[in-house]
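Structure, as structure tokens:
Any read-out appearing in this document is the output of simple, stated calculations on the displayed coordinates, not a laboratory observation. A quick note: this is a predicted structure, and the numbers were derived from the prediction, not measured. Cβ atoms come from the backbone with ideal geometry, glycine included; neighbour counts cover every protein chain shown.
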Amino acid sequence: MAKNTLQELYLRNDSCRDRKPHILALLTSHMIGMEPGFSYLKKLTKEDITLRMAAEKEMLKQFPLQELVFLTGNDDWISPAAVHDQSIDHFDEIFLPILSFSLITDILSLNEKRPLVQIILKGLLKGKRVTALKSGGDPFSQYWKLKGMDKGPDLLKRKLGQHMAELKMLGIRLIDFNEQADFAVQHLKKTVITDESVRFAHLNMLDEIAVPKGAIITPLARDTAKELKIEIILL
């Protein structure tokens, strides 16, 4: 009850209600081409959003950054290595304009060693909405037909279809190229630090707790932290 009341108070006083959505687009290459992703990103530059992009090293070998700026119409780029926990908190949503086979596989296998996948997994675990343009992984997409790559065996198509279904079950929103995605800022359920959280930290021999920006700390948690000499650090 107390936790729910705190959540309601936070949402009632949330100052981000009318601000521009901050979107992080993560780019990788694909054997069938990246044109739908590039075109969609160009359309997004006309939306009332703040769009920042990051590309994998392999993609930068194929496309120099200046060329990517031209292809996407966006010059706001960041290195995947520079995207850490705190910066993920600053984004409202993660967008995947190019769903390559390897990216799909690595997301489903929770391959945290791949920087792009680690960002995606952290985003999902932090409650961020993740949206993907499904043309890269949908064998029935018109784009595949235009490329002459719609003639594969049924087993392969079923496997790809199963992978797409699993992405949806992970909470990833899949959209069509012609679909206008709603990137409005979502009100996420904030982390609540309770007395139990502080005592758990104490049992694990921690003398400080780093909590994300916007977290709700209960009065009892503050008292317990003071009693146990545990510092609560707001990131």
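Summing Cβ point charges (Lys, Arg +1; Asp, Glu -1) relative to the Cα centre of the chain gives a dipole of roughly 420 debye. The angle between the Cα long axis of helix 115-125 and the longest principal axis of the Cα atoms of the chain comes to about 50 degrees, rounded to the nearest 10.
Label positions at Ile175 and Asp195, each projected 7 Å from the Cα along the C-beta direction, are separated by 4.5 nm. Label positions at Ser79 and Gln162, each projected 7 Å from the Cα along the C-beta direction, are separated by 4.0 nm.
Spread over its residues, the convex hull of the C-alpha atoms of the stretch 95-235 is 130 Å³ per residue. Highest mobility in the GNM of the chain, judged by mean-square fluctuation with C-alpha springs under 10 Å and restricted to Gly137, Gly148, Gly123, is found for Gly148.
I'd like the FRET efficiency for Arg52 and Asp154, computed as 1/(1 + (r/R0)^6) with the beta carbon distance as r and R0 of 30 Å, rounded to 0.05. E(calc), rounded to 0.05, equals 0.15.
Hull surface divided by four, with the convex hull built on the Cα atoms of the stretch 160-235: how many nm²?
Values: hull surface 31.8 nm².
With every direction weighted equally, the projected area is 8.0 nm².
Counting neighbouring Cβ atoms within 10 Å and putting the fewest first, the residues Val130, Val198, Val211 line up as Val211, Val130, Val198. Binning all Cα-Cα separations of the stretch 19-175 at 10 Å, short to long from zero, yields these whole-percent fractions: 10, 42, 36, 10, 1.
Note on the stretch 19-175: dipole from Cβ charges, positive end direction compared against Ile104, Ile119, Ala82; the farthest Cα belongs to Ile104.
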